[in-house]
1. What do you get when you divide the Cα radius of gyration of the chain by 2.2 N^0.38 Å, with N the number of residues?
2. Checking a compactness column here: for the stretch 211-263, what do you get for Rg(Cα) / (2.2 N^0.38 Å), N being the number of residues?
3. Starting from 0.36 nm per residue, how many nanometres of slack lie between residue 52 and residue 252 once their C-alpha separation is accounted for?
4. Just to confirm the filter: which trypsin sites (Lys or Arg not before Pro) across the stretch 1-46 are DSSP coil and have at most 14 other Cβ within 10 angstrom of their Cβ?
5. Normalised by the residues of the stretch 126-281, what does the relative contact order come to in percent, with Cα pairs under 8 Å and at least six apart?
6. Go through the stretch 230-281 and name the trypsin sites (Lys or Arg not before Pro) that are in a DSSP coil and have 11 or fewer other Cβ atoms within 10 Å of their Cβ.
7. Dipole of the chain, Cα-centred, from +1 at each Lys and Arg C-beta and -1 at each Asp and Glu C-beta, to the nearest 20 debye?
8. Quick one: of the DSSP bridges fully inside the chain, what percent are antiparallel, nearest 5?
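The numbers here are math on the coordinates, done by the rules we state, and not lab data. Please read all numbers here as calculations on a predicted model, not as lab measurements. When we count neighbours, we look across all protein chains shown, and the Cβ atoms used for this are built from the backbone with ideal geometry, even at glycine.
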Amino acid sequence: MTRVGVIGGGTMGAGIAEVVARAGDPVLVLERGTEAASAASQRIDTSLARAVKSGRLTRAAAADARSLVTVTLDLGEFADRDLVIEAAPEIEQLKVEFFTRLDGIVSDTTILATNTSSIPVIRIANATSRPERVVGVHFFNPVPILPLVEIVASLRTSADIIADVTDYAANRLGKNVIRSGDRAGFIVNALLMPYLVSAIRMLESGFATADDIDSGMVNGCAHPMGPLRLSDTVGLDVVLAVTESLYEEFKEPQHAAPPLLRRMVDAGRLGRKSGQGFYTY
Ligand SMILES: NC(=O)c1ccc[n+]([C@@H]2O[C@H](COP(=O)([O-])OP(=O)(O)OC[C@H]3O[C@@H](n4cnc5c(N)ncnc54)[C@H](O)[C@@H]3O)[C@@H](O)[C@H]2O)c1
């Protein structure tokens, strides 16, 4: 049994807590207030109910998993955790503060992981007295559905910690693990973002319609969804933030955000979550 702590019970944190509990491990989720705590609990309840409804989980297994999740407002309760996975908002200062505080709370043997999408793991690791025990563990949304986890080693992460976390993600959580270096975008987003941004540029230039761009990739390349619909699903604010972090890291024109993407985010057209993006939902 691994006692797991998750910081932040949002989209990713709730999903991570759910897969940990479904694997049979107790999990504590930190939230920032009572309203956010009940929203986090609600997210987990809704997701488990959906898994039961679709036949992916029995009612009894869902109840067992739910009983292993506790939401707390007190980071001090993380003192007995073996593994902490941070899934707080993508704000470097916030993450650095959490790791500094955790370093003084958890035991010397605890592994500290971050689910960051774009902040270098080394900058988070440097906030602790144990950078060799800090690692990136990048899940994909929705966590209970998508099998991939990118394990990110900073230049200071020890090989033993990488092996332990890989073993946990693969053999306990049942995830497919790939290993990445500590560079913006890791493997998946470094490949995906230039593709999404190219599709947005193609639309912006008037070269083709959204339907034709998406249909081209669905029907010509067997992708389950075209790049513009996928951008809407990821969230255009997230696409913008990730491509900006790639641009910041590599300074390559392919990563420069097209004006259309910026204007859509300015207008609150964030895709599926706001009801309007390249398509209407
Ligand atoms: N959404 C994605 O598709 C995705 C995919 C992979 C990685 N990530 C990364 O995962 C992390 C979390 O992203 P998300 O999409 O789940 O964000 P989110 O906004 O849905 O969730 C963040 C949660 O943290 C909580 N929180 C904020 N401040 C807090 C504090 N001081 N103490 C405790 N809890 C606090 C919020 O209440 C919220 O529930 C980010 O680093 C993001 O880059 C996101």
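1. 1.03
2. Numbers: Rg = 12.5 Å, N = 53, 2.2 N^0.38 = 9.9 Å.
My calculation over the Cα atoms of the stretch 211-263 gives 1.26.
3. Taking residue 52 through residue 252 to full extension adds about 67.5 nm, to one decimal.
4. For trypsin sites (Lys or Arg not before Pro) across the stretch 1-46 that sit outside H, G, I, E and B with at most 14 neighbouring Cβ atoms in 10 Å, the list reads 32.
5. Working: 202 pairs, mean separation 25.9, N = 156.
Answer for the stretch 126-281 is 17 percent.
6. Numbers: sites: 251, 262, 263, 269, 272, 273; in loops: 251, 269.
Within the stretch 230-281, the qualifying trypsin sites (Lys or Arg not before Pro) (loop, at most 11 other Cβ atoms within 10 Å) are 251.
7. Details: 28 positive and 33 negative charges, 121 e Å.
That gives a dipole near 580 debye.
8. Numbers: 6 of 30 bridges.
DSSP beta bridges in the chain are roughly 20 percent antiparallel.
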